[in-house]
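Engineer: Sharing a structure, written as structure tokens. Questions coming.
The values are calculated or read from the model by the stated rules, or taken from the named source; none is laboratory data. This is a predicted model, so every value here is computed, not measured. Please note: Cβ atoms are built from the backbone with ideal geometry, for glycine as well, and neighbour counts cover all protein chains shown. Ligands, DNA and RNA are stripped out before the accessible areas are found, and what is left, the full protein with its side chains, is counted by its heavy atoms. Shrake-Rupley method; radii C 1.70, N 1.55, O 1.52, S 1.80 Å.
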Amino acid sequence: MAKLHPSNELIFRVAIPVPVYRLFDYLAPDNVELDNVKPGVRLEVPFGLGKKIAFLLEIAGHSELDASKLKRVVRILDHKPLLSAKDLRLLLWASDYYHHPLGEVISAAFPAGLRQGKPVAVQTEKHYALTDLGKATDSVQLQRTPKQKSVLEKFQSCPACLSEAELSIWNDNWRTAVKQLIAKQLLQIEVSDASVNRPEALVRDNALQCNPPQQSAIDAVCESLGQFGVFLLEGVTGSGKTEVYLQIIRTVLERGQQVLVLVPEITLTPQLEDRFRRRFAVNIALSHSKLTGKQRQTAWLQMQQGECSILLGTRSALFTPLKNPGLIILDEEHDASFKQQEGFRFSARDIAVVRGKLLHIPVLLGSATPSLESLHNVDKQRYQLLHLPDRAGSAIEPVLQLLDIRNKRIQEGLSEALIEEMHRTLAKNEQVLLFLNRRGFAPTLICHGCGWVARCQRCDANLVIHFDEECLRCHHCGKEERLMKQCPACKTGELTPLGLGTERVEKVLAELFADKITVRLDRDSTQRKGSLETYLLQINQGKVDIILGTQMLAKGHHFPNVTLVAILDVDSGLFSIDFHAAEKLAQMIVQVSGRAGRAEKPGKVIMQTRQPEHPLLTTLIKEGYRSFAKTALAERKDALLPPFSYQALLRVQASDVDTPPLFFQAVAALVQKLNTGHTQVLGPVSAPMARRAGLYRYQLLFQNTRRQELHVLLEVLIPEIAKLKQAKKVRWSLDVDPVDLY
Ligand code: ADP
Ligand code: ZN
Ligand code: ZN
């Protein structure tokens, strides 16, 4: 029975960002008027030997604990909660659903500074724009001050004004040049006035004339504004999905509401941002990993206070509070980057849908290759399908074909037939795009004399050869070694690279197409800030003939002059043990194909394969993605795999092999006691990569065809696991709805 504190003191029940599955009680702070203290405010509380930032959940009259043991809240940090009551409910739901400690979930919704207890201060950023003189000035006149010239050109290339943050992303050293251009009256500081949300001032340039499918998609969503509904906008690359978003957004803005637009990290390109800024004269905030913590916090607060109307962001922007929420858009909804893979493992897509429901606003999911989950939700009539069947404007869809390379001569991954096709394309002054999803020179270094292979000592993986940097690198833990000249085992054998990476293909292209210009786009070649943008610009200016790259190429970027796309090695995607692999491969093929022939020129997509009769490939080519998805869903149904069942994966890592079995024994005993339903428990087994970064990895899979039953078990099981003494000796985590079984 709860004890009332002798002096009837009030109790603050708070969540603290620590891995503990319960709330904490504190005595209310002294000398504070409590009437206006609302759930959601940040607090500072004593914790252990130090202090922590906590979040108030409720004020109670009593505590289960002996009041004499309770400590007192040090101070209250916010006059008003920064999160709305509905957003707080969303986080409570997410904590329940993902079985993740509430304090950590709430904490994840805040930008870093606020999470650490910093005060709320919006630093409004300055925006700069061209003056009329600046618009009319030819940048050649600034020949002698190249810095100023390039800044002027930057402004002249974007129709809208630019903020400090945008300039910093473009180039670190812009301030002096901007100052000098202001002095020359070519630039001015833009006064952001109250006109921001006046309807007639919302739109800068004209919308395109929509085709009928686009129009009916726009109408369907607009009719649903002000109430919950989920729409799946399916349309191939170039079918005009973004145009549909823009026109719907316009209507939302006219209602005085805000829009949250989420995209995968690599598709948040300057081109996309530009398109938004060119269309809308409202304030637009950005949130993604290339921004500083301060910039992201500013974006967060500007949305919270209603100063910005549109937020373009990646997964972590999902929880940004909205003063007047109107619509959530999630583009490329199938993309795996919407799933957070560490810490609080959540699906931004699934939480976005729940958020829409709580806020009574529509959620619009878009993709050329919708996830099987979303298509299943359409079948179940939970989502409404909106379909754009054709490419918009005059663009023509590419032709896909399989190129059987069995018994054919191959030079570093390129078959003769492909090389010929490339020559034909280049002769017409059109561009070629080659896709290979493996960076580095080659994935394996082997000794021809004794068979020794360069392995990572901390992972179950080979070291990848990076010739350019003369090193061997592990792509799993980052460990690096100098590239040796001699076999460390036999000292005499010849070291031979095995397999194919982008660096290797780049070298052979330089020989075969000596008079052509190739750029390689992968994580290694684009590390320097701004280098990706530079390459993309060169490509679009036609200065490049051959584009070679990894999945970085698969999305977002538009290459109108590319008419030949080749996927060098589709087969490596056909033999994975993860049941998600087929779906991911099909999506990748369609996404890469989408790069071809976007303008008036028809495109061709060639896939080199040694499996020309593989049903996945033939279905995809002959009947398209939807047929593939239908087949794949039928297979999942037969096997009772998601979305026809629900999964949660318990992952365990330890630095030795002896502790995990003890942990799993204790877990098994708990499961025995608590699993009153029909949840299947599969494992424990070693993870597909059994060792990584020096840690041994195991997993235990929970599966049930009834979601509810699975969650009832997890709800009692996970807090008990957290209390196990064996759990202190391993690192463990739960992944609900895992998208990756590695
Ligand atoms: P997606 O987002 O599906 O890839 P976009 O909205 O980017 O498609 O449209 C692809 C191209 O087609 C863009 O250049 C866009 O300006 C153009 N476009 C879109 N809708 C129309 C339309 N109704 N009429 C003419 N061109 C259009
Ligand atoms: Zn490693
Ligand atoms: Zn050797």
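Engineer: Please sort by residue number the trypsin sites (Lys or Arg not before Pro) in the stretch 591-621 whose DSSP state is loop and whose Cβ has at most 16 other Cβ atoms within 10 Å.
Structural biologist: The qualifying sites are Arg610.
Engineer: Defining a contact as two alpha carbons under 8 Å apart and six or more residues distant in sequence, what relative contact order in percent does the stretch 646-736 show?
Structural biologist: Averaging sequence separation for qualifying contacts and normalising by length gives 49 percent for the stretch 646-736.
Engineer: Where does the chain land at 222 nm, in deg cm²/dmol rounded to the nearest 500, when only DSSP H runs of n ≥ 4 count, each adding -39500 (n - 2.57), divided by all residues?
Structural biologist: -9500 deg cm²/dmol
Engineer: On the principal axes of its Cα set, how long, how wide and how thick is the stretch 646-736? Give whole Å, largest value first.
Structural biologist: Rounded to whole Å, the extents work out to 37, 26, 15 Å.
Engineer: Residues with amide H under 5 Å of Lys604's amide H, sequence separation 5 or more or different chain, H placed in the peptide plane at 1.01 Å from N; which?
Structural biologist: Amide H neighbours of Lys604, under 5 Å, 5+ apart: Val399, Leu564, Val565.
Engineer: Right, here's the next one. To check my understanding: the extent here is largest minus smallest coordinate of the Cα atoms along each principal axis. What are those three numbers for the chain, in Å, largest first?
Structural biologist: For the chain, the Cα extents along the three principal axes come out at 89, 71, 53 Å.
Engineer: Using a 1.4 Å probe and ignoring any ligands, DNA or RNA, find the accessible area of Val37 and quote it in Å² to the nearest 10.
Structural biologist: Accessible area of Val37: about 20 Å².
Engineer: In whole percent, what relative contact order does the chain give with Cα contacts below 8 Å and a gap of six or more residues?
Structural biologist: Result for the chain is 11 percent.
Engineer: How large is ³J(HN,Hα) for each residue in the stretch 544-550, as worked out from phi by the Karplus curve 6.51 cos²θ - 1.76 cosθ + 1.60 (θ = phi - 60°), to whole Hz, x for Gly and Pro?
Structural biologist: 10, 9, 10, 10, 10, x, 9
Engineer: Mind ordering 20-29, 139-148 by average Cβ neighbours within 10 Å, highest first?
Structural biologist: Descending packing order for the listed peptides: 20-29, 139-148.
Engineer: Provide the net charge surrounding Pro212, with neighbours chosen by a C-beta distance below 14 Å and charges set as Lys +1, Arg +1, Asp -1, Glu -1.
Structural biologist: -3
Engineer: Ser63's amide H: which non-local residues (gap 5+, or another chain) put their own amide H closer than 5 Å, with H modeled 1.01 Å from N in plane and none for Pro or chain starts?
Structural biologist: Under 5 Å from the amide H of Ser63: Lys3, His5.
Engineer: Still on this structure, I have one more. Could you state how much accessible area Tyr742 has, in square angstrom rounded to the nearest 10, with a 1.4 Å probe and all protein chains kept in place?
Structural biologist: My reading of the accessible area for Tyr742 is about 100 Å².
Engineer: Also, I was wondering about something else. Which ³J(HN,Hα) values in Hz, rounded to whole numbers, follow from the phi angles of the stretch 235-252 under the Karplus curve 6.51 cos²θ - 1.76 cosθ + 1.60, where θ = phi - 60° and Gly and Pro get x?
Structural biologist: x, 4, 4, x, 7, x, 5, 4, 4, 4, 4, 4, 6, 5, 4, 4, 5, 5
Engineer: Using the heavy atoms of the protein chains alone and a 1.4 angstrom probe, what is the accessible area of the stretch 332-385 per residue in square angstrom?
Structural biologist: Ligands and nucleic acids excluded, the result is 33 Å² per residue.
Engineer: Can you give me the % of accessible surface on the chain that is carbon or sulfur? Probe 1.4 Å, all protein chains present, nothing else counted.
Structural biologist: For the chain, the apolar C and S fraction of the accessible surface comes to 50 percent.
Engineer: For the stretch 590-742, calculate the relative contact order in percent as a whole number, restricting contacts to Cα pairs under 8 Å that are 6 or more residues apart.
Structural biologist: Over the stretch 590-742, the number comes to 28 percent.
Engineer: Might you tell me the accessible area per residue for the stretch 656-741, computed with a 1.4 Å probe and given in Å²?
Structural biologist: Spelled out: the 1.4 Å probe surface of the stretch 656-741, per residue, equals 52 Å².
Engineer: Please quote Rg/Rh for the stretch 3-115 to two decimal places, taking the Kirkwood radius as Rh and restricting both calculations to Cα atoms.
Structural biologist: Radius of gyration relative to Kirkwood radius: 0.95.
Engineer: Hey, quick one: spin label on Ser289, modelled 7 Å out along Cα-Cβ, who in the stretch 465-487 has an amide N within reach, i.e. under 18 Å?
Structural biologist: Zone members listed by number: 474-479.
Engineer: Grab the Cα-Cα distance for Asp35 and Ala183, subtract it from 0.36 nm times how many residues apart they are, and report the gain in nm with one decimal.
Structural biologist: 48.0 nm
Engineer: Between Glu600 and Ile59, 0.36 nm times their residue separation minus their Cα-Cα distance comes to what?
Structural biologist: Fully extending the segment from Glu600 to Ile59 adds 188.3 nm.
Engineer: Which ³J(HN,Hα) values in Hz, rounded to whole numbers, follow from the phi angles of the stretch 505-521 under the Karplus curve 6.51 cos²θ - 1.76 cosθ + 1.60, where θ = phi - 60° and Gly and Pro get x?
Structural biologist: Values, residue by residue: 5, 4, 5, 6, 5, 4, 7, 6, 10, 4, 8, 9, 9, 10, 10, 10, 10 Hz.
Engineer: At 0.36 nm per residue, and after removing the present C-alpha to C-alpha distance, how many nm does the segment from Ala669 to Ala427 gain when stretched out fully?
Structural biologist: Result: 80.2 nm gained on full extension.
Engineer: So how much accessible area does Phe441 have, in Å² to the nearest 10, using a 1.4 Å probe?
Structural biologist: 20
Engineer: A follow-up question, please. With every protein chain kept in place and ligands, DNA and RNA left out, what is the accessible area per residue of the stretch 227-279? Probe 1.4 Å, answer in Å².
Structural biologist: Computed with neighbouring chains in place, this is 28 Å² per residue.
Engineer: Something else now. Would you mind giving the three semi-axes, in whole Å and largest first, of the ellipsoid equivalent to the stretch 238-386 according to its Cα gyration tensor?
Structural biologist: 22, 18, 16
Engineer: Related question: Over the chain, what is the percentage of antiparallel beta bridges among all DSSP beta bridges, to the nearest 5?
Structural biologist: Here the antiparallel bridges make up roughly 55 percent for the chain.
Engineer: Applying 1/(1 + (r/R0)^6) with R0 = 35 Å to the Cβ-Cβ distance of Glu412 and Glu533, what FRET efficiency is obtained, to the nearest 0.05?
Structural biologist: 0.75
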